[in-house]
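Have a look at the structure below, then the notes.
Please treat every number below as a calculation from the coordinates, not as lab data. Please read these numbers as outputs of a predicted model, since none were measured by experiment. Note that each Cβ is placed from the backbone with ideal geometry, even for glycine, and that neighbours are counted across all protein chains shown.
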Amino acid sequence: MLKGKKIIVGISGGIAAYKICSLVRLFVKNGAEVRVIMTPSAVNFVSPLTLSVLSQNEVVINMFPDEDWSKSETVKAGTWHISNGMWADMFVVAPATANTMAKINAGISDNFLLSAVLAARCPVVLVPTMDEDMFKNKITQRNLADLKKYGYRILEPVVGELASGLYGMGKMPEPEEIFDYVKSQFIKKDLKGKKILVTAGPTRQPIDAVRYISNYSTGKMGFEIARAAAERGADITLITGPSSEKINAVDNLIRVQTTEEMFEAVKKHCKGSSLVIMTAAVSDFKPKNVLQNKMKKDKKVSSVNLELEKTVDILQYLGKNKKGFILFGFALETDNQIENAKRKLKEKNLDLIVLNDPNVEGAGFGTDTNVASLITNDAITELPLMSKYELANSILDEYLKKK
Ligand code: CTP
């Protein structure tokens, strides 16, 4: 995603600066070319040498280099802040202190970082990070409001433990969150205004007070669809069964346990949707009688019969009650795959079905990749092995072709 993208990471002097090492690492690992610029006070919080090694580039701090700059290859006399500003596709200032933001807002450029921000032609992301009182101060808030008006993109701080020992607003979001935000800035918002409902994960059906039946689904595919759609500007409701996957980007995250709970949540939230995607590996069966207490081992019996009954087919219900939304389903098939998937497409009144074979290498539960075919009434598109994130985007592209 970030392959070949040129990113400047600007660091101003706040304690959270030490976390930027992980951010730089994430950018580089994902194919971006990174240059780091620090304010002179930022070097008190994190080592320029570490950042230089991680970014694989020289770190710029001072307005004027120590060496004889007329001999420098990289420094074009007096204009290198301009060339940096022109070089970047994205400029991220994190942490952005109250002081640095105030100066940017006033057009002050008395250090190299500020000069480069002022000269930047690319989008500039600011990550305000400071003590709560400084953050809530009317002057800081006025600066933030002005900077937003000027088109600076602000990733708001979060509530947490601050360097002062106080707890409150002003903490820098974790590097992974900054990374996701920056990545999303490169993505075309072609799903803006679309309301998308995604289901993910397994469901669990209780047997007794401590046991349940379920399946191996981890929820990864559904979470990747929700993430990709949110990055493309959609308004996302994600309804998930038990899953350890994490996500920040969705507007509405609903956690459920059983098929019935998922069904109720889907019925409630499908109204007004533009697209519903059922990736959840919904339990098809549930124990007919659920014991309130823990089932004890009876020494006299060597086996126990568990009577199962069918759960509601959520996708079938949606197909029958499809009003105003496009409906995508998933099919996990081990044999007669195309035939079975096509049957489900028809029986469940779907607009598209994503066919997976769990036995293919790189596909199935818990993997980061998948191999799938996208099947509609008039076409079958076989996709190669790709990440679940890439597959998520291919599925969303299909929606854009249909609407
Ligand atoms: N699904 C659902 N409710 C269920 C079972 C499945 O909404 N009770 C949805 C899944 O989210 C998926 C699709 O139906 O999008 C296909 O699920 P799958 O288990 O592969 O198919 P089934 O219809 O259950 O048929 P079978 O188990 O016979 O393959």
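Return the ratio Rg/(2.2 N^0.38 Å) for the chain, where Rg is computed over Cα atoms only. Let's see the in-between values first.
On the way: Rg = 26.0 Å, N = 403, 2.2 N^0.38 = 21.5 Å.
In units of the globular-protein estimate, the chain measures up at 1.21.
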Given charges at Cβ of Lys, Arg, Asp, Glu: the range 6-185 dipole, positive-most of Pro175, Leu118, Val24: Leu118
Cut-off under 5 Å, modelled amide H: who pairs with Ile326 long-range: Leu275, Val276
Modelled label-to-label distance, Glu339 and Phe64, 7 Å Cα→beta-carbon offset: nm? 8.2
Taking the range 1-61, which trypsin sites (Lys or Arg not before Pro) meet the DSSP loop condition and have no more than 13 other C-beta atoms within 10 Å? Lys3
Compute the distance in nm between two label points, each set 7 Å from the Cα along the Cα-to-Cβ direction, one at Lys148 and one at Arg121. 2.9
Put +1 on the Cβ of every Lys and Arg and -1 on every Asp and Glu Cβ in the range 294-375; which of Leu355, Leu345, Gly319 then has its Cα farthest towards the positive end of the dipole? Gly319
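Given 0.36 nm per residue, what is the gain on full extension from Tyr167 to Glu309 after removing their alpha carbon distance, in nm?
Length difference between fully extended and current span is 46.1 nm.
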Residue with peak Gaussian network fluctuation, the chain [Cα springs, cutoff 10 Å], from Val93, Val371, Val158: Val158
If I model a spin label as a point 7 Å beyond the Cα along the Cα-Cβ vector, how far apart are those points for Lys323 and Asp397 in nm? 3.5
Computed for the range 6-185: size of charge dipole around the Cα centre, +1 on C-beta of each Lys and Arg, -1 on C-beta of each Asp and Glu, debye to nearest 20, value 480
Asserting the computed 222 nm helical MRE of the chain (DSSP H runs at least 4 long, -39500 (n - 2.57) per run, divided by residue count, to nearest 500) equals -9000 deg cm²/dmol
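Starting from the Cα gyration tensor of the range 168-213, take the square roots of the eigenvalues, sort them a ≥ b ≥ c, and report rounded, prolate or oblate (rounded when a/c is under 1.5, otherwise prolate if a/b is larger than b/c, else oblate). Don't jump to the answer; show the numbers that get you there.
Numbers: a/c = 3.49, a/b = 1.69, b/c = 2.07.
The shape class here is oblate.
So if I average 1/r over every pair of distinct C-alpha atoms in the range 6-185 and take the inverse, what Kirkwood radius in Å does that give? List each step's numbers first, then the result.
On the way: mean 1/r = 0.0615 Å⁻¹.
Over the range 6-185, the inverse of the mean reciprocal pair distance is 16.3 Å.
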How do Val127, Val312, Val282 rank when sorted from fewest to most other Cβ atoms within 10 Å of their own Cβ? Val312, Val282, Val127
At 4 °C in a medium of viscosity 1.567 mPa s, the range 153-246 has a Stokes-Einstein diffusion coefficient, with Rh taken as the Kirkwood radius over alpha carbon pairs, in µm² per second, of 81
In debye, nearest 20, what is the charge dipole magnitude of the range 247-304 about its Cα centre with +1 on Lys and Arg Cβ and -1 on Asp and Glu Cβ, if you could check? 500
Hey, which of these cross-link pairs are over 21 Å Cα-Cα: Lys192/Lys246; Lys288/Lys342; Lys320/Lys403; Lys271/Lys320; Lys323/Lys348; Lys267/Lys388? Lys192/Lys246; Lys288/Lys342; Lys267/Lys388
Quarter of the Cα convex hull surface for the range 102-193, i.e. its orientation-mean projected area (nm²): 7.4
Treat the count of other C-beta atoms within 10 Å as a stand-in for reagent exposure and order Glu260, Glu224 from fewest to most. Glu260, Glu224
Note, ³J(HN,Hα) from phi for the range 268-276, Karplus 6.51, -1.76, 1.60, rounded to Hz, x at Gly and Pro: 5, 9, 6, 4, x, 6, 8, 8, 10
Restricting things to alpha carbons, tell me how big the range 317-403 is in terms of Rg and Dmax, in Å. 12.7, 38
How far is the Cα center of the range 142-164 from the Cα center of the range 324-370, in Å? 43
Specify whether the C-alpha gyration tensor of the range 273-327 places it in the rounded, prolate or oblate class, a ≥ b ≥ c being the square roots of the eigenvalues: rounded for a/c under 1.5, otherwise prolate if a/b is larger than b/c and oblate if not. prolate
Once all Cα-Cα distances of the range 200-304 are split into 10 Å bins that start at 0, what whole-number percent is in each one? 14, 40, 25, 13, 6, 2, 0
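According to the square roots a ≥ b ≥ c of the eigenvalues of the Cα gyration tensor, what is the shape class of the range 1-61, taking rounded for a/c under 1.5, prolate for a/b larger than b/c otherwise, and oblate for the remainder?
prolate
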Likely footprinting exposure, Val43, Val53, fewest C-beta neighbours within 10 Å first: Val53, Val43
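Using Cα pairs closer than 8 Å and at least 6 residues apart in sequence, work out the relative contact order for the chain, in percent. Let's see the in-between values first.
Numbers: 827 pairs, mean separation 41.7, N = 403.
Relative contact order here is 10 percent.
When the dipole is taken about the Cα centre of the chain, and only Lys, Arg (+1) and Asp, Glu (-1) are charged at their Cβ, what size is it in debye, to the nearest 20? Working shown, then result.
On the way: 54 positive and 46 negative charges, 260 e Å.
Value, rounded to 20: 1240 debye.
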